[in-house]
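First up is the structure itself, then whatever we jot down about it.
The values are calculated or read from the model by the stated rules, or taken from the named source; none is laboratory data. A quick note: this is a predicted structure, and the numbers were derived from the prediction, not measured. Here the Cβ is made from the backbone with ideal geometry for all residues, glycine too, and neighbour counts use every protein chain on show.
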Amino acid sequence: MLLASLREQVLHANREIARRGLAPHTFGNASGIDRLGIDGTGREPLVVIKPSGVDYASLTLNDLVVANLDGKIIEGSLRPSSDLDTHTCLYREFPQIGGIVHTHSEFATSWAQAGRPIPCLGTTHADYFHGPVPLTEPLTAEEVAEGYVRSTGAVIARRFRIEGLDPLAVPGVLVSGHAPFAWGKTPAEAVEHADVLEYIARLAYRTILLRLGPDFPGPSDSGIPQYVSEHHYQRKHGPKATYGQR
């Protein structure tokens, strides 16, 4: 069996997104990448990903599919996730990341379907995302015809290039009309970011609802002061971070 350790991580990540309610039914998927090669000698990077349509409760190590960054199946008897080409695109475009999670979690998906980025309305958001959670442009008819799944990865990468975003500082995105993707240095960290993304999406939705009405003086989606959000992000992720243990 190839990549036994990475398989364990990816299996756990997939089970976690189901356990946390981020991926109902068989929606969503998690993957991980081995960039060093299975023998540590520089062999091509390989991705381990959930197979398509397999229930999370019955998922096993042997069910997971191993593919290269061109989408060629290296090991596995089942069809890989239908989102494989999005995952491989993001691994090529974002060499810093080691795990990806795609969910259809309720509140984050609602923001994606509404075609709205999630503004930074409070310090919970600022602790994890350095700025708003970005929203991609809708796919064009040509992009869908050329390859829907591959084009999904391309519009994500394009949004990050246009805005000059660091994928480690902004570890997730909303795909317009679709749902969120999140990532991290490991599959486990990608799950954490997907979970946080859903939480801040829920907080933002409720915050805006509470602000509606004549008693709130400003726009309902106005954020906290930039200096506050910057302080919170830097205290956790900056060179002089004080959050957590050394």
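Here are a few things to note about the model shown:
- Test result for Pro117, buried (at least 17 other Cβ atoms within 10 Å of the Cβ) and out of contact with any helix residue (DSSP H, G or I) (no Cβ under 8 Å at 6 or more places or on another chain): no
- Count - residues of the range 26-48 that are among the β-branched types (Val, Ile, Thr) and either out of contact with any Pro (no Cβ under 9 Å at 6 or more places or on another chain) or modelled with pLDDT under 80 (or both): 3
- Selection status of Gly177, out of contact with any Ser or Thr (no Cβ under 6 Å at 6 or more places or on another chain), modelled with pLDDT of 95 or more, surrounded by fewer than 19 Cβ atoms within 10 Å (Cβ to Cβ) and not in a strand (DSSP E or B): yes
- Counting only strands (runs of 3 or more DSSP E) that fall entirely inside the range 1-90 and contain at least 1 residues that are free of Cβ contacts under 8 Å to residues at least 24 places away in the same chain, aliphatic (A, V, I, L, M) and surrounded by 21 or more Cβ atoms within 10 Å (Cβ to Cβ), the qualifying elements are 65-68.
- Of the candidates Glu146, Glu198, the single residue that is at pLDDT below 95 and either charged (D, E, K, R) or surrounded by 15 or more Cβ atoms within 10 Å (Cβ to Cβ) (or both) is Glu146.
- Filter result (in contact with a helix residue (DSSP H, G or I) (Cβ under 8 Å, 6 or more places away or on another chain) and either farther than 24 Å from Lys185 by Cβ or assigned to a loop (DSSP other than H, G, I, E, B) (or both)) within the range 98-114: Gly98, Thr103, Ser105, Glu106, Phe107, Ser110, Trp111
- Scanning the range 115-129 for residues that are in a helix (DSSP H, G or I) and of a type outside the set (A, V, I, L, M, F, W, C) gives Thr123, Thr124, His125.
- Candidate set: the range 130-152, residues that are in a helix (DSSP H, G or I) and among the charged types (D, E, K, R); chosen: the one nearest to Pro171 (Cα to Cα): Arg150
- Filter result for Asp166 (surrounded by fewer than 24 Cβ atoms within 10 Å (Cβ to Cβ), under 15 Å from Trp183 (Cβ atoms) and either in contact with a Lys or Arg (Cβ under 6 Å, 6 or more places away or on another chain) or among the acidic types (Asp, Glu) (or both)): yes
- The listed residues are Thr140, Thr152, and the only one of them that is surrounded by fewer than 19 Cβ atoms within 10 Å (Cβ to Cβ) and more than 17 Å from Val196 (Cβ to Cβ) turns out to be Thr140.
Matching residues to (1) out of contact with any Pro (no Cβ under 9 Å at 6 or more places or on another chain); (2) among the hydrophobic types (A, V, I, L, M, F, W, C):
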| site | (1), (2) |
| --- | --- |
| Thr136 | yes, no |
| Thr140 | yes, no |
| Gly153 | yes, no |
| Val173 | no, yes |
| His193 | no, no |
| Gly213 | yes, no |
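- Complete set of residues in the range 180-215 that are assigned to a loop (DSSP other than H, G, I, E, B) and not aliphatic (A, V, I, L, M): Lys185, Thr186, Gly213, Pro214, Asp215
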